[in-house]
């Protein structure tokens, strides 16, 4: 399983259009994803304090797009080179920070 963090608004837009397409797909050619264990660190770097975030749990084998494991910030992350089909998303969980605005836990206790 891989995960992607997005806002509730972005996910609702994906439901209307039939697939999820992050802004990074147009800007960089891929959608940033991570392993669940990497998600709190990613969220703290990019979404610190935001309370409208969701964690999408994705089965890579259900994607039509290529998934490449690439280095970024001295770690290896999965990048999805195309839209994420709704059918590939197996869970959509609220991903709130703790009261102090820091993301520490992985919602749902699902495994990598």
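In this structure, does residue 22 turn out to be within 17 Å of residue 9 (Cα to Cα), surrounded by 15 or more Cβ atoms within 10 Å (Cβ to Cβ) and at pLDDT below 95?
The answer is yes for residue 22.
For the structure I just gave you, tell me whether residue 44 is loosely packed, with under 13 Cβ neighbours inside 10 Å and modelled with pLDDT of 95 or more.
no
The values are calculated or read from the model by the stated rules, or taken from the named source; none is laboratory data. Since this is a predicted model, take the numbers as computed values, not measurements. Neighbour counts run over all protein chains shown; Cβ positions are idealised from the backbone, glycine included.
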